[in-house]
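> To start, I am sharing the structure in question, which I have written as structure tokens.
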Amino acid sequence: MDFLAPTSWAEALETKAAHPDALPVAGGTDVMVELNFDHRRPAALLDLNRVPELQEWSRADDGRIRLGAGVTYSRVIAELGGTLPGLAMAARTVGSPQIRNRGTVGGNLGAASPAGDSHPALLAAFAEVEIASVRGTRVVPVADFFTGVKRSVLEPDELIAAVRITPPAGPQQFCKIGTRNAMVIAVSAFGFALHPDRREVGTGIGSAAPTPRPAPEAAAFLAGELEAAGLWDSRSPLPEGLATEFGRRVRDAAAPIDDVRGSAAYRLHALSVMARRAATWAWDAYRTDDGNDGNDGNDHRSAAA
Amino acid sequence: MRIELTVNGTRREADDVWEGESLLYALRERLGLPGSKNACEQGECGSCTVYLDGTPVCSCLVAAGQAQGREVTTVEGLREGDELDPVQQAFVEKGAVQCGFCTPGFLMSTKDLLQRNPNPSDPEIREALAGNLCRCTGYEKILDAVRAAAAVTQR
Ligand SMILES: Cc1cc2nc3c(=O)[nH]c(=O)nc-3n(C[C@H](O)[C@H](O)[C@H](O)COP(=O)(O)OP(=O)(O)OC[C@H]3O[C@@H](n4cnc5c(N)ncnc54)[C@H](O)[C@@H]3O)c2cc1C
Ligand code: FES
Ligand code: FES
């Protein structure tokens, strides 16, 4: 086995092109488990810890956040908790302090597990994945990134450079069901975002289909009902039954299996409940805030519900 | 391959490191530092917790090569000379140790917590120790020890 440790982004891309079978390792919280248990013997490891460009996040002129693939969950929580509340809520539920200190959003995408906790939040926020190789850079919506269980659109010579996320114009929520609070892989999870600026609703389903996926029909339904009743402007209470119907439609977008963590039926039920609650909580927040939630530059505000 | 790193303030080298080997393995088997324990090798138990450039991590999930040139602190580095660290002393006094296998990890997590937050609430203690498992004590004595260490540290 080789240990390749590039020290710049350009060198990392050249190294990946020259060694397409090298396995990238960032926080190692997925990769090292596979190595320790002999589940994987890659020809080489490609250490990304020494690539400074990956450890940075920045804010573009239009306010968009570019989150380097190597930024850890702990830093998302500490530095972007107020700016990207949905992602920060998901990050708080990941593993344990030690795991959050190493684990990265880029690694979560790279692993492409249907249970990855950042995915529902990124889906609901309409985030994009910036993918690069020596051939160039392409930008893929998160919803198009996953192609199957632990599979993604990444080509062998490509690396994930960053995630691009527009800070929300409205409230976001993240819900996760597990057997206890800490150190839990989701039985199912749900990300939700109100986008009053675009009059849209963002959704993300975790652990209830072969890939993380949005619930576009449910989202369009809810956004349409809000529009038809003039609720985006009036900020009146949600009509009776609307959140419940939304939950039902989110459930219909899932395709879970029975496994050791939970049955398909339980996952479907949990999803409908989480979606109803997330929509209700987010709407309550929208009704009481100034419509500029999360976009106030205050990076330390708690986003807990 | 060879790796060079600083462990507990001392420059160390290890030879014949396998490229896929964990920092935990290198510390225990190549650098003679068996304080960090190997109980799960999958990040679940926290008994291998060390500081990597000051941040608590599971050393079983860090590739040894990733620690090249960096600073590692293990439980062996907690005490000053012959003096136990106040956190270690509190674990002894409160009976927070039974078999002791989890203890190094709890010490590292507790020390880190108290450095960041000298007066943690019980929920904050539980959250900070969520990545450390103990199968003996039932945790009550460990919580006692953390509270006691906080009281001493603050004085
Ligand atoms: C005890 C424990 C608890 C956990 N709990 C959770 C949890 O609650 N929720 C959750 O979602 N996950 C959890 N995980 C899984 C893991 O922590 C996450 O998936 C994490 O985001 C992985 O990030 P990493 O940087 O450690 O990835 P690594 O292990 O370094 O890499 C993961 C994958 O991504 C690839 N990769 C990494 N960076 C790049 C890049 N820039 N470009 C291309 N490919 C890349 C790697 O090759 C590998 O295939 C847990 C893991 C452990 C050990
Ligand atoms: S041995 Fe590393 S967390 Fe258990
Ligand atoms: S004292 Fe035995 S595992 Fe904690």
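> Being over 19 Å from A:ASN101 (Cβ atoms), within 13 Å of chain A (Cβ to nearest Cβ) and within 12 Å of ligand 3 (Cβ to nearest atom) is the filter here, so list the residues in the range B:98-141 that pass it.
Once the filter is applied, which keeps residues that are over 19 Å from A:ASN101 (Cβ atoms), within 13 Å of chain A (Cβ to nearest Cβ) and within 12 Å of ligand 3 (Cβ to nearest atom), the range B:98-141 yields only B:TYR139.
> While we're on this one: Which of the following residues is more than 20 Å from B:ALA150 (Cα to Cα), surrounded by fewer than 22 Cβ atoms within 10 Å (Cβ to Cβ) and away from chain A (no Cβ under 11 Å): B:GLY81, B:GLY95?
B:GLY81
> Just need a number here: residues in the range B:42-51 that are over 19 Å from B:LEU114 (Cβ atoms) and away from ligand 3 (no atom under 16 Å from the Cβ). Write out each step before concluding.
To start, the set of residues in the range B:42-51 that are over 19 Å from B:LEU114 (Cβ atoms) comprises B:42-45, B:47-48.
Next, from what is left, pick out any that are away from ligand 3 (no atom under 16 Å from the Cβ): B:42-43.
The qualifying residues number 2.
> On to the next question. Please verify whether the range A:266-288 includes one or more residues that are within 24 Å of A:ASP197 (Cα to Cα), at pLDDT below 95 and out of contact with any Ser or Thr (no Cβ under 8 Å at 6 or more places or on another chain).
yes
> State all residues of the range B:120-153 that are in a helix (DSSP H, G or I) and among the hydroxyl-bearing types (Ser, Thr, Tyr); if no residue qualifies, say none. Walk me through how you get there before you give the answer.
Taking the range B:120-153 as the starting set, the residues that turn out to be in a helix (DSSP H, G or I) are B:122-128, B:140-153.
B:THR153 - this is the single residue of the range B:120-153 that is in a helix (DSSP H, G or I) and among the hydroxyl-bearing types (Ser, Thr, Tyr).
> Here is a further query. Condition check: surrounded by 16 or more Cβ atoms within 10 Å (Cβ to Cβ) and more than 21 Å from A:ARG66 (Cα to Cα). Does A:ALA125 satisfy that?
Numbers: surrounded by 16 or more Cβ atoms within 10 Å (Cβ to Cβ): yes; more than 21 Å from A:ARG66 (Cα to Cα): no.
When the stated conditions are applied, A:ALA125 does not pass them.
> With respect to A:GLY136, determine if the residue is buried (at least 24 other Cβ atoms within 10 Å of the Cβ) and at pLDDT 95 or above.
no
> Further question: Test of understanding: among A:ALA124, A:ALA91, A:ALA112, A:ALA78, which residue is away from ligand 2 (no atom under 16 Å from the Cβ), within 14 Å of chain B (Cβ to nearest Cβ), in contact with a Phe, Trp or Tyr (Cβ under 7 Å, 6 or more places away or on another chain) and aliphatic (A, V, I, L, M)?
Going through A:ALA124, A:ALA91, A:ALA112, A:ALA78 in turn, the sole match is A:ALA91.
> When you go through (1) closer than 21 Å to B:LEU113 by Cβ; (2) within 13 Å of ligand 1 (Cβ to nearest atom); (3) assigned to a loop (DSSP other than H, G, I, E, B) one by one for B:GLY20, which number turns out not to apply?
For B:GLY20, the exception is condition (1).
> Counting residues that are over 25 Å from A:ILE165 (Cβ atoms), which strands (runs of 3 or more DSSP E) fully inside the range A:1-60 reach at least 1?
Passing ranges, in order: A:2-4, A:22-25, A:44-47.
> Further, regarding this structure: Which of the strands (runs of 3 or more DSSP E) found entirely inside the range B:30-77 contain at least 1 residues meeting this: away from ligand 2 (no atom under 15 Å from the Cβ) and more than 7 Å from chain A (Cβ to nearest Cβ)?
Ranges flagged: B:71-73.
> If I ask for residues that are in a loop (DSSP other than H, G, I, E, B) and under 18 Å from A:GLY28 (Cβ atoms), which ones from the range A:61-84 would you list?
If the condition is that a residue be in a loop (DSSP other than H, G, I, E, B) and under 18 Å from A:GLY28 (Cβ atoms), then A:ALA69, A:GLY70, A:VAL71 are the ones that fit.
The values are calculated or read from the model by the stated rules, or taken from the named source; none is laboratory data. The structure displayed is predicted, hence computed values, not measured ones. Positions of Cβ are backbone-derived with ideal geometry, glycine not excepted, and every protein chain shown enters the neighbour counts.
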